[in-house]
């Protein structure tokens, strides 16, 4: 067993099977409803967030893993016999999670390398998987952290939103923008770059038509540059297994790749983006 372990936080939306396959540990963020404090992926699910919104019109806020939460998280890992940790953290510009991990790491004598991913969701998953591959090739923790950080600029990701209700409720979208999007049936795409999210192309029409065009546009934008070893197709929990199979098939028609990972958004992404969210993540060569 390697004595180096790769970790991340729940914003990465790593599925249980991927976490088990690569032995990746996940530190959960917090999901808050007034006086209720839930632990992402532990005692609350994305399905619950959507159902509660539909029934009560209520959305949660989310909060970072605290320094104490990270201290306990790292401590348990070292108790299991690991001697070094490489942690892929949620973008520092979007959350205090990265800084809290740095604070906690400073309390340990063992080596803990904190990598600011500058991304979120499956962009973090891609970095974590690559870090695991480097670990399995025998690289040191220092080298894994540096090589992973060097890959950040090659990380491409973004979301196509089906609606703006959740962004509006969370204070990230004005009432005017919401009204305009609803009247014109607009689906905005969000790109994640340099530690920030911004609106890119806007699509108009039925969801499935917009999703297909989104896939085509994203792949065409980076034609010839995509690392086809691994691409992640990412959706919210309201997509069925049948939906996933269909979109995976459509993606494979558009690009030849070794592996397509189909992933489902966790509580943090769901609470901000809402149902119907459709995303694509990949690395460049």
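Observations, loosely collected:
For every residue, the table says whether it meets (1) surrounded by 15 or more Cβ atoms within 10 Å (Cβ to Cβ); (2) over 16 Å from residue 210 (Cβ atoms); (3) modelled with pLDDT of 95 or more.
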| position | (1), (2), (3) |
| --- | --- |
| 251 | yes, no, yes |
| 258 | no, yes, yes |
| 261 | yes, yes, yes |
| 273 | yes, no, no |
| 278 | yes, no, yes |
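- Residues (in contact (Cβ under 8 Å) with a residue 60 or more places away in the chain, more than 16 Å from residue 268 (Cβ to Cβ) and part of a helix (DSSP H, G or I)) located in the stretch 75-100: 77
- Matching option when the condition is closer than 23 Å to residue 191 by Cβ and buried (at least 22 other Cβ atoms within 10 Å of the Cβ), among 89, 104, 145: 89
- Meets criteria (under 17 Å from the mean Cα position of the chain (by Cα) and within 28 Å of residue 144 (Cβ to Cβ)) for residue 26: yes
- When 115, 119 are checked against the criterion of being in contact with a strand residue (DSSP E or B) (Cβ under 6 Å, 6 or more places away or on another chain), in contact (Cβ under 8 Å) with a residue 24 or more places away in the chain, under 29 Å from residue 276 (Cα atoms) and buried (at least 22 other Cβ atoms within 10 Å of the Cβ), a single residue qualifies: 119.
Yes/no matrix, rows are residues, columns are (1) exposed (fewer than 14 other Cβ atoms within 10 Å of the Cβ); (2) not assigned by TED's automatic domain parsing to the domain that holds residue 116:
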{"residue": "8", "(1), (2)": "no, no"}
{"residue": "16", "(1), (2)": "yes, no"}
{"residue": "22", "(1), (2)": "no, no"}
{"residue": "34", "(1), (2)": "yes, yes"}
{"residue": "49", "(1), (2)": "no, yes"}
{"residue": "52", "(1), (2)": "no, yes"}
{"residue": "55", "(1), (2)": "yes, yes"}
{"residue": "76", "(1), (2)": "yes, no"}
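- Strands (runs of 3 or more DSSP E) (entirely within the stretch 135-249) containing at least 3 residues that are modelled with pLDDT under 90: 186-193, 196-204
- Selected residue [in contact (Cβ under 8 Å) with a residue 24 or more places away in the chain, surrounded by 17 or more Cβ atoms within 10 Å (Cβ to Cβ) and touching a strand residue (DSSP E or B) at 6+ places or on another chain (Cβ under 9 Å)] from 269, 186: 269
- Applying the criterion of being in contact (Cβ under 8 Å) with a residue 60 or more places away in the chain and not in a loop (DSSP other than H, G, I, E, B) to the residues of the stretch 250-266, the residue that is farthest from residue 165 (Cα to Cα) is 261.
The values are calculated or read from the model by the stated rules, or taken from the named source; none is laboratory data. Nothing here was measured: the structure is a model prediction, and the numbers come from that model. Virtual Cβ from ideal backbone geometry, glycine too; neighbours counted across all protein chains shown.
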